[in-house]
Amino acid sequence: MNNTILQPEFLDTFMPMHVLYDSEGIILHIGPTLEKMRRCVPFVGSSLSDIFSIHDDGRGTGEGPVPHHAKLYIKFRTGIPTQLKGMAMPVRQSDLSVLNLSFGISIVDAVADYRFTAGDFAHTDLAIEMLYLVEAKSAVLHETKQLNLRLQSARFAAEEQASTDMLTGLRNRRAFDQAFEEFLRRRTTFALMHLDLDYFKSVNDSLGHAAGDAVLREVAKIMNEETREEDVIARIGGDEFVFLLKNLTSPDRLLNMARRLIARLEEPIPFHDAFCRISGSVGIATTEQYRHPTAEKMSHDADLALYSSKRGGRALATMFDPELHSGV
Amino acid sequence: MHGMINRAIQCFVTDTYGVQTWQRVTDSAGLEFANFEPMLNYRDQLTLDVLGQAARELKKPVETFFEDLGTYLVSHPNLEAIRRLLRFGGENFVEFLFSLNDLEGRAKLALPDLEVPSLKVENLKDGTFRMTCMGTMPGVGYAMVGVMRAMADDYGALVFLEHAGWKDSGEEIITINLLEATYSEGRQFELAGRAVG
């Protein structure tokens, strides 16, 4: 077999990035792909260490003869600093060695820097498959990112347009304002009821937000039970609720309803091994109290009635009274 | 910071300390959402706020938080993928250490905008190893200590690791003392990701 394997044709085909050198480190032949990387460098006849810096895993100075059998990390001393992987083996019954190189992770940059084609790699080399994977992965990644951005903005938009308060399932302010305008436009007779929870803050402070959330859900349940299907209930602040009660304008009936609601809110709400105790204050205005009811005026007046409930010692329901509350 | 990194922090906190702890962290950090998406990018300050609040919530120094995070990334069953990718580094712990020189390049092949620290591992004359770590986040060297400690267990190596401080340039130095390369069995690893046997 007398070194037929060292015929340039063999090495160039199977290892297009090899270096054949002698015991002095003088280069005798290099593969065509390696040659393509430095067209102006006179490889043959030069010393290996003049052209390359070669380190092994010890990451020593890179001086001295190139170690055989070891994982090598190689760079050109000049020009584009492409990082190469390599391995060197001695050729038996000669003073020659073969150093074979490949790109490793620098493959993507190298292909761009040196304008390689498929023909520059051995047919058995995985380089092309690697490039293919990287390209495919990048395309998929790009699509995934675009999809994520689209989903995120869709989500923001959906939240913007949502009409439900996430926590309680009641309507939110936006939906409430729409319903309010709708009621007024259709000249429906109705009552506007403002309800603030009392002592809710102390539940939050002493038992934590989770307890607060549980209380709000229970409160919403009670409100749904104490009102009718056609009524509109919304949570418009942390512990602020508003009601539109259709065709219900009798002060007696409204105050009865409000007091029943407050009584139920005062029933202790269990949370883990504690009980949460809250109450509510209510203020009410009805369309009957105005010649031309507007949302702004009714809200203002229901708030005035609510404040007198709070001033009166909480847990009260108050009808707006133009004589009592005017001039404020 | 890449969503992957933020997501890792979130998973670490929720898997280790529970969802409620994570909610307190996001609340106090002023996040307007509960979950990080792995494939989105976030402002760096957001990540720093979350880290600071998490350390405060758990009452530990940020350094310890980072180290525990590093250990978690490699050892938690939910993140088997990361352990596997690191095991591609080599057949023993020393090879693994040297493969960390390529970690940044390898990671960038997969996710070009992922902020992976630049690592340099050298073998010193006295037989110890020195890692120089330059990250986009100060303290990331502590996370690397956690990663290497868990990987040593994985390979069955007995090591002594120490964060040896910072250089003026911002690089962190970690010393690695390999006491015994095959101290225990270590964990099984096959190149093929499909369950074998």
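Look at the stretch A:206-217: the mean tally of other chain Cβ atoms within 10 Å of its residues' Cβ atoms is 1.
Shielding of peptide A:49-57 by partners, expressed as the average count of other chain Cβ atoms within 10 Å per residue Cβ, is 1. Percent antiparallel among DSSP beta bridges with both residues in chain A, to the nearest 5? So the antiparallel bridges amount to about 90 percent of the total. Peptides A:112-124, A:188-200 ranked from most to least packed, by the mean per-residue count of other Cβ atoms within 10 Å: A:188-200, A:112-124.
Across peptide A:311-322, the mean count of Cβ atoms from other chains lying within 10 Å of each residue's own Cβ comes to 0.
Using alpha carbons only, how many degrees (0 to 90, rounded to 10) separate the axis of helix A:127-161 from the longest principal axis of chain A? Helix A:127-161 and the main axis of chain A meet at about 10 degrees.
Centroid-to-centroid, using Cα positions, segment A:50-118 and segment B:117-147 are 25 Å apart. Amide hydrogen proximity for A:Asp198: with H placed 1.01 Å from N in the peptide plane, the residues at 5 or more positions away or on another chain lying under 5 Å are A:Ser279, A:Gly280, A:Ser281.
Exposure proxy for B:Met137, A:Met319: other Cβ atoms within 10 Å of each Cβ, ordered fewest to most, give B:Met137, A:Met319. Using the Karplus relation 6.51 cos²θ - 1.76 cosθ + 1.60 with θ = phi - 60°, the per-residue 3J(HN,Hα) values for segment B:116-123 come to 9, x, 7, 10, 10, 10, 10, 9 Hz, with x marking Gly and Pro. Once a ≥ b ≥ c are taken as the square roots of the eigenvalues of the Cα gyration tensor of segment B:74-180, is the result rounded (a/c under 1.5), prolate (a/b larger than b/c) or oblate (a/b not larger than b/c)? It comes out oblate by the Cα gyration axes.
Between 0 and 90 degrees, the angle of helix A:209-226 with respect to the longest Cα principal axis of chain A falls at about 40 degrees. Axis of helix A:251-265 versus longest Cα principal axis of chain A: the two differ by about 50°, to the nearest ten degrees.
Electrostatic tally near B:Asn177: other residues with Cβ closer than 13 Å to its Cβ, Lys and Arg +1, Asp and Glu -1, net -1. Computing FRET efficiency as 1/(1 + (r/R0)^6) for A:Ser23 and B:Asp27, where r is the C-beta to C-beta distance and R0 is 60 Å, gives about 0.30.
Between the listed residues B:Met1, B:Met137, B:Pro38, the Cα displaced farthest toward the positive end of the dipole of chain B, a dipole computed from Cβ unit charges relative to the Cα centre, is found at B:Pro38. The residues neighbouring A:Thr227, those whose beta-carbon lies less than 15 Å from its own, together hold a net charge of +4 under the Lys/Arg +1, Asp/Glu -1 convention.
Each reported figure results from applying straightforward, stated rules to the coordinates on display, with no laboratory input. Remember, it's a predicted structure, so these values are computed and weren't measured experimentally. Because the Cβ atoms are built from the backbone with ideal geometry, glycine has one as well, and the counts that use them run over all protein chains shown.
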